[in-house]
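Structure first, then comments.
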Amino acid sequence: MEPESDLDGYSKIVAGVAAELTPKVASLRVPQGGRGRDSGRGGEGLGSAVLFTGDGFLLTNAHVVGRAQGGTALFSDGTTAPFSVVGADPLSDLAVVRAGGSTPPPAELGEADRLVVGQLVVAVGSPLGLAGSVTAGVVSALGRSLPTRSGSAARLVEDVIQTDAALNPGSALADAHSRVVGINTAVAGVGLGLAVPVNTTTRRIISALMQDGRVRRAYLGIVSVPAPLPAPLRERFDQPDALRVVEVVSGGPADRAGLRAGDLLISAGGRPVQKAQDLQRLMFGEAIGQPLAITVMRNGALVDVIAEPSELVAA
């Protein structure tokens, strides 16, 4: 009979997640010429990456790999492997790399949309090449937005996870069952870290990076903010909120379709729109050049317009 552990319940969970994920998180060493904004000794960029497939694909931040084409991955057991950058998407701050040779079993990707504020999360990474670094905390807030930019294109990464766990770029943010629910991207202050969520939208981004090496996005050309629907429309459309259009880019698809600042955007493509992510979920490659039906409330009346999104170009 094994002796009973002196660890309390909280410590057992954190220790279990650490034991499960540490072998599956690699330290990335990126040559100086292509590094992102995190750098270490010897002219190398440093960050973490999470192994998520059995054939060597790892998930990290776009700013960790920068413009590099490859580098070296170091696992906690001392194994090193060269990696190549499969694709990077600065507008979501996600990148996929692939390590050569034998790799450990992959981590399981979870579902960030199921998180609740106050839930225990564990961060596992390799900051500055120090393998197996573990911190724990709670989900401090959900629904945060993270501004990103690539060339002249800008975007908000929606539903970003805020946590008080200490983070390093590219490391895994996991739930109590060792499922990776986020890729840690930034430290915004003491006790304030941000992670890109693993959800339906980011899974599409990851898939596109694996298949095509890039993410094609559609573009409407509006700036909007969430706003409550008037009571009669709440009942009619069975949704409490919509998006208030605060700016329409001159000459853009929305402008050509007749959308105006002040319009209350209720649905797009036959789907309810209550927050920016609802619209962004529709703005992938297959929407480019295709008719998109949009319903708005304007001056108390419902108006239907047809827009044709164009491709977002990060020039």
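The values are calculated or read from the model by the stated rules, or taken from the named source; none is laboratory data. As the structure is a computational prediction, the values presented were derived from the model and not from experiment. Methodologically, a virtual Cβ is constructed for each residue, glycine included, from the backbone with ideal geometry; neighbour enumeration extends over all protein chains shown.
All of (1) at pLDDT 90 or above; (2) surrounded by fewer than 23 Cβ atoms within 10 Å (Cβ to Cβ) hold for GLY101 with one exception: (1).
Note on segment 68-105: residues that are more than 19 Å from the chain's Cα centre (by Cα) and not in a strand (DSSP E or B) amount to 13.
Residues that are surrounded by 19 or more Cβ atoms within 10 Å (Cβ to Cβ) and not in a strand (DSSP E or B) within segment 285-309 comprise ALA287, PRO309, listed in sequence order. If you go through segment 204-214 one residue at a time, do you hit one that is modelled with pLDDT of 90 or more, touching a helix residue (DSSP H, G or I) at 6+ places or on another chain (Cβ under 6 Å), within 30 Å of ILE288 (Cβ to Cβ) and not small (Gly, Ala, Ser)? No, segment 204-214 has no match at all. Counting only residues that are more than 25 Å from GLY213 (Cα to Cα), within 25 Å of the chain's Cα centre (by Cα) and of a type in the set (Lys, Arg), segment 270-310 holds 2 of them.
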